[in-house]
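Okay, structure first, notes after.
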Amino acid sequence: MPSRRSSRRDFLRGKAARDAVNDWLDAVPPTLEVAPVEAAGRYLISLKRLAMACDFEILLNAGQYEDGPMLAVAALDLVEELESQLTVYRETSEVLEINRAAAEHPVAVEPRLLALLQQAVQLHRETHGAYDITAGPLSKAWGFFRRQGAVPDEAALGEALASVGSDKLVLDAERGTVAFTQPGVELNLGAIGKGYALDRCAELLLHGGVDTFLLHGGQSSILARGARATGRPDDRGWRVSIGDPLRPGKTLLEFPVVDRAVGTSGTQFQFFRQAGRRYGHIIDPRTGWPAEGVLSSTVIAPTAALADALSTAFFILGPADAQAYCASHAEVSALLVCPSSKPGESALHRFNWESV
């Protein structure tokens, strides 16, 4: 991205808003995008921070909140703090401390993290095991943990599977602890951590009086509140577009996001080929093998943590089970893109989409 000479103070005050929005739209990844608006004088302030192996972005309508940019900086600081707590790539993180000790004795957990673990276990049950925060050993067995993919042998895969299952977690809400029922169990919040961070950012902004914004976590997670200033009275929320998994750079669908969150899962960016077969990084924790049959899974939900977790679960479950889940959860909408019977084409499966 080209460098700008605007000072940080000018940027935060909105004087570099035109440059900010242009740079952001050039850099936004192809999987989940904010649709551009052609409206003269309607600019965005964009603040970005590298965290959790992606760019976290906060978009504000320029000039709407005097303290908005400073609160956005505080929210990005919070993302860094949460990464230090949740990551499995830093030896000092709270999650790694749990992984090291919870098979030996109950470990005290920060209250918000414990609530997140409780939500994850509930989702494990609701998705019949498709969503599982203990699937880390499988990612390691397949080489995705260090991005050196290879098909594991039967013994290694069996050993990894023996350590997987959220039923091996003992969460004690009264004492505020977590324990594992056996050695080898690991927590990995990679499929919910970014969404959780966006939810926490939103809390901070709303508490500070900023109730119109869009939060973007890398290529997969969005949380929107209020509406983008477009100058058109009939516009609502923030318009988001989903990229076509079969045609990079092309838009598959565009829709408004109104006070909700969006999560998208796919394997376009993390996969390997071996013996002529493609293996994606989203692994079915019930079988130990990479999920197949879905090209991308997008979920719209009340919170970003829920949208992220369910987009992964639906990618694994496929259209029939995703439809069943949405039938009993009216607050969740989903779009699954699957291969079509016609080569080079895709089939779209939409559930509760009429509420979008």
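The values are calculated or read from the model by the stated rules, or taken from the named source; none is laboratory data. No experiment lies behind these values; they were computed from the predicted model shown. Glycine gets a Cβ as well: all are built from the backbone with ideal geometry, and neighbour counts include every protein chain shown.
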Exercise for the section: Return yes or no: is residue 261 aliphatic (A, V, I, L, M), in contact with a helix residue (DSSP H, G or I) (Cβ under 6 Å, 6 or more places away or on another chain) and buried (at least 18 other Cβ atoms within 10 Å of the Cβ)? Expected result: yes
Exercise for the section: Could you check how many residues of the stretch 188-221 are crowded, with 24+ Cβ neighbours inside 10 Å, in contact with a Gly (Cβ under 8 Å, 6 or more places away or on another chain) and under 27 Å from residue 267 (Cβ atoms)? Expected result: 7
Exercise for the section: Determine whether residue 297 is within 27 Å of residue 259 (Cα to Cα), in a strand (DSSP E or B) and under 17 Å from the mean Cα position of the chain (by Cα). Expected result: yes
Completion exercise
The number of residues in the stretch 128-187 that are more than 27 Å from residue 279 (Cα to Cα) and among the small types (Gly, Ala, Ser) is 3
Handout entry: Search result, residues across the stretch 65-90 that are free of Cβ contacts under 8 Å to residues at least 60 places away in the same chain, farther than 28 Å from residue 117 by Cα and among the charged types (D, E, K, R)
Key = 66
Fill in the blank from the handout: Counting only residues that are touching a residue at least 24 places away in the same chain (Cβ under 8 Å), buried (at least 18 other Cβ atoms within 10 Å of the Cβ), out of contact with any helix residue (DSSP H, G or I) (no Cβ under 8 Å at 6 or more places or on another chain) and not hydrophobic (A, V, I, L, M, F, W, C), the stretch 268-285 contains a total of 1
Completion exercise
From the option list 172, 244, single residue qualifying as closer than 22 Å to residue 112 by Cα, in contact (Cβ under 8 Å) with a residue 40 or more places away in the chain and touching a strand residue (DSSP E or B) at 6+ places or on another chain (Cβ under 8 Å) is 172
Practice task
Please find, among 148, 119, the residue that is in contact (Cβ under 8 Å) with a residue 40 or more places away in the chain and polar (S, T, N, Q).
Solution key: 119
Completion exercise
Filtering the stretch 276-294 down to residues that are of a type in the set (Asp, Glu) and not in a loop (DSSP other than H, G, I, E, B) yields none
Exercise for the section: Output the residues belonging to the stretch 107-148 that are assigned to a loop (DSSP other than H, G, I, E, B) and either out of contact with any Pro (no Cβ under 9 Å at 6 or more places or on another chain) or among the aromatic types (Phe, Trp, Tyr) (or both). Expected result: 109, 110, 127, 128, 131, 133, 142, 144, 145, 146, 147, 148
Practice task
Go through (1) crowded, with 18+ Cβ neighbours inside 10 Å; (2) outside any strand (DSSP E or B) and name the single condition residue 179 misses.
Solution key: (2)
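Output the residue which, of all residues in the stretch 195-217 that are assigned to a helix (DSSP H, G or I) and charged (D, E, K, R), is nearest to the chain's Cα centre (by Cα). Spell out how you get there, then give the answer.
Step one: filter the stretch 195-217 for residues assigned to a helix (DSSP H, G or I), giving 195-207.
Those still in the list that are charged (D, E, K, R) too: 199-200, 203.
Values: 199: 11, 200: 13, 203: 17 Å.
Filtering the stretch 195-217 for residues that are assigned to a helix (DSSP H, G or I) and charged (D, E, K, R), the one nearest to the chain's Cα centre (by Cα) comes out as 199.
Could you tell me whether residue 97 is under 21 Å from residue 219 (Cα atoms), free of Cβ contacts under 8 Å to residues at least 60 places away in the same chain, acidic (Asp, Glu) and assigned to a helix (DSSP H, G or I)? Reasoning before the result, please.
On the way: under 21 Å from residue 219 (Cα atoms): no; free of Cβ contacts under 8 Å to residues at least 60 places away in the same chain: yes; acidic (Asp, Glu): yes; assigned to a helix (DSSP H, G or I): yes.
Answer is no for this residue.
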Handout entry: Subset of the stretch 300-323 (residues that are outside any loop (DSSP other than H, G, I, E, B) and out of contact with any strand residue (DSSP E or B) (no Cβ under 6 Å at 6 or more places or on another chain))
Key = 305, 306, 309, 313, 316, 317, 320, 321
Practice task
Tell me which residues, restricted to the stretch 183-209, are among the small types (Gly, Ala, Ser) and in contact with a strand residue (DSSP E or B) (Cβ under 8 Å, 6 or more places away or on another chain).
Solution key: 191, 195, 197, 202
Problem - Candidate set from the stretch 149-165 (those that are in a loop (DSSP other than H, G, I, E, B) and exposed (fewer than 14 other Cβ atoms within 10 Å of the Cβ)); member that is nearest to the chain's Cα centre (by Cα) - result: 150
Practice task
Return only the number of the condition from (1) at pLDDT 95 or above; (2) assigned to a helix (DSSP H, G or I) that residue 26 does not satisfy.
Solution key: (1)
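Residue under question is residue 307, and the condition is that it be modelled with pLDDT of 95 or more, touching a Gly at 6+ places or on another chain (Cβ under 8 Å) and within 15 Å of residue 190 (Cα to Cα); does it hold? Before you say what the answer is, go through the steps one by one.
Details: modelled with pLDDT of 95 or more: yes; touching a Gly at 6+ places or on another chain (Cβ under 8 Å): yes; within 15 Å of residue 190 (Cα to Cα): yes.
Considered against the rule, which asks whether it is modelled with pLDDT of 95 or more, touching a Gly at 6+ places or on another chain (Cβ under 8 Å) and within 15 Å of residue 190 (Cα to Cα), residue 307 comes out as yes.
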Problem - Residue within the stretch 324-335 that is assigned to a strand (DSSP E or B), buried (at least 24 other Cβ atoms within 10 Å of the Cβ) and either among the aliphatic types (A, V, I, L, M) or at pLDDT 95 or above (or both) present - result: yes
